[in-house]
1. Can you pull out the residues in the range A:103-137 that are away from chain B (no Cβ under 11 Å) and among the basic types (Lys, Arg)?
2. Could you list, in sequence order, all residues of the range B:145-187 that are at positive phi, open to solvent by 30 Å² or more (accessible area, probe 1.4 Å) and of a type outside the set (D, E, K, R)?
3. Go through (1) farther than 20 Å from B:Met115 by Cβ; (2) assigned to a loop (DSSP other than H, G, I, E, B) one by one and return the number of the condition B:Glu201 breaks.
4. Does A:Ser63 satisfy the condition of being under 18 Å from A:Ser5 (Cα atoms) and either more than 9 Å from chain B (Cβ to nearest Cβ) or under 21 Å from the mean Cα position of the chain (by Cα) (or both)?
5. Take B:Ala176 and tell me if it is within 14 Å of another protein chain (Cβ to nearest Cβ) and of a type in the set (Gly, Ala, Ser).
6. Can you find, within the range B:188-213, the residue that is nearest to the chain's Cα centre (by Cα) among those that are open to solvent by 50 Å² or more (accessible area, probe 1.4 Å), within 14 Å of B:Ala25 (Cα to Cα) and not polar (S, T, N, Q)?
7. Give the range A:10-20 a look and list any residue that's surrounded by 21 or more Cβ atoms within 10 Å (Cβ to Cβ), part of a helix (DSSP H, G or I) and of a type outside the set (A, V, I, L, M), or say none.
8. Taking the conditions exactly as written (assigned to a helix (DSSP H, G or I) and more than 24 Å from A:Phe167 (Cβ to Cβ)), does A:Lys69 satisfy them or not?
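The values are calculated or read from the model by the stated rules, or taken from the named source; none is laboratory data. Since the structure is predicted, the reported quantities are computational estimates derived from the model, not experimental observations. Cβ sites come from the backbone with ideal geometry, for glycine too, and all protein chains shown count toward neighbours. Areas reflect the complete protein model, heavy atoms only, side chains present, ligands, DNA and RNA absent. Shrake-Rupley method; radii C 1.70, N 1.55, O 1.52, S 1.80 Å.
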Amino acid sequence: MADESYKLIYFNARGNGEIPRLMLSLAGQPFEDHRVQREQWIEMKSSGETPFDQLPVLEIKKSDGSVFKLAQSHAIAQYIANKYDLNGKNPHEQAKVDMYVELMRDTVTSFMRIRFNPDEQAKEQGMKDFKEKTFPAFIGKINDATGHTKSGLIADSGMTRGDVVVFAVLDILSSMMGENIPDGYPHVAKLIHAVENHPHISEWLKKRPKTDF
Amino acid sequence: MSKETYKIVYFNGRGRAEVPRLILAVAGVEFEDERLEREDWPARKASGETPFGQLPYLVIKKENGDKLKIAQSSTIVRYLARKFGLFGKDPHEEAKVDMYQEYINELKEEIAKVMFHTSDEVAKAEGEKKLKETTLPAFLSKANDILGASKSDFFVDSGVTAADLLLFHILQSIIAIRCDGDKTKVIGDYPNVMKMYDGVESNKSIATWLKKRPVTPF
């Protein structure tokens, strides 16, 4: 049974909604970009209309009129990636893309733990360690991996979910760290450029609402 | 891509390698279960043998002898679960299994945050209280609803998947470490979760694995 239409529900922000939006854009799939205000969200939450009382949610209207609701930004990204062949050409390539995505997620989780640590001293030390050790180690791995593929992207076969996640994660980290991609990572810079200039993505980047986070 | 053989490399514990091991157990696939002692880890890490300098990793030996190494436990789980039919029978079921795993991993993150990443004693005690009184009950209630709506005793209609194995693994640790092995203390009020738990535990291949796996503190 075919998917008829997509509605991506999130707040008016990039946050955890942006990877699903970027994936739908890369896949060339039109979608309703539904952004809710706080008060609307409070209502939605208490009505139990989302799978886990969380956003984002992707509502997939099927050809028989029924609606399949998918929660969790990375599960949404995987679904779109698998459906539109943006997840690696075979199980081994798929595993490679997946493992780099998970590495990036781990890095963001570590960063957020530090960033929101109420202990000021621990936070300061944590940020220092992150900038000097954790972040370079992580971005170094991405740089090495993309330096060795035929495509210059995460997967040999072309642009995938992995590249979208690199783009989105570095977007979050640069704005929260107050820095841009370090100059010492030329392959990563090339990857970002490739993502930004993909026709569907650049179209989305031009038209998406400008938000602080 | 047909015959592959597998080696899972981890510490001598359940931790982040246990769900991959459970998947291979359910699938009836023999694998090399390499367990490193703490003292031996620094040398392995420095050797460049591991994909990301972390454990666990999966070594896939292909039919032609080539080796592929996969890091990140979630990736290892998805790879093996897909290969051995434990990830749902169609794209929509697959998406559900993925979504449920993400939700269960969020609970795991909350627990880990309180247990391992909160140094202040007062904050830690508050965190544990919140886990016990709010987070865990809310999660179990939602899981109970989802399981109740499924046609099978498991998260999705078609039967047991990696999502059930993941929740089973987490609950098993909580029950053993925090509740003296008495599962009713944790899931007694959630009959559908209990049915899932019992269903996994009584699966013949899982029961065999549970009997033969090393007994470890984590």
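1. Within the range A:103-137, A:Arg115, A:Lys123, A:Lys128, A:Lys131, A:Lys133 meet the criteria.
2. Start the filter on the range B:145-187 by keeping residues that are at positive phi, which leaves B:159, B:180-181.
Next cut, open to solvent by 30 Å² or more (accessible area, probe 1.4 Å) only: B:180-181.
Result: B:Gly181, single match.
3. That leaves (2) as the condition not met.
4. Details: under 18 Å from A:Ser5 (Cα atoms): yes; either more than 9 Å from chain B (Cβ to nearest Cβ) or under 21 Å from the mean Cα position of the chain (by Cα) (or both): yes.
Criteria met by A:Ser63.
5. Against the criterion (within 14 Å of another protein chain (Cβ to nearest Cβ) and of a type in the set (Gly, Ala, Ser)), B:Ala176 does not qualify.
6. Selected residue: B:Glu201.
7. In the first step, residues of the range A:10-20 are kept if they are surrounded by 21 or more Cβ atoms within 10 Å (Cβ to Cβ); the result is A:10, A:14, A:17-20.
Adding the requirement that they be part of a helix (DSSP H, G or I) leaves A:17-20.
Once the filter is applied, which keeps residues that are surrounded by 21 or more Cβ atoms within 10 Å (Cβ to Cβ), part of a helix (DSSP H, G or I) and of a type outside the set (A, V, I, L, M), the range A:10-20 yields A:Gly17, A:Glu18, A:Pro20.
8. The answer is no for A:Lys69.
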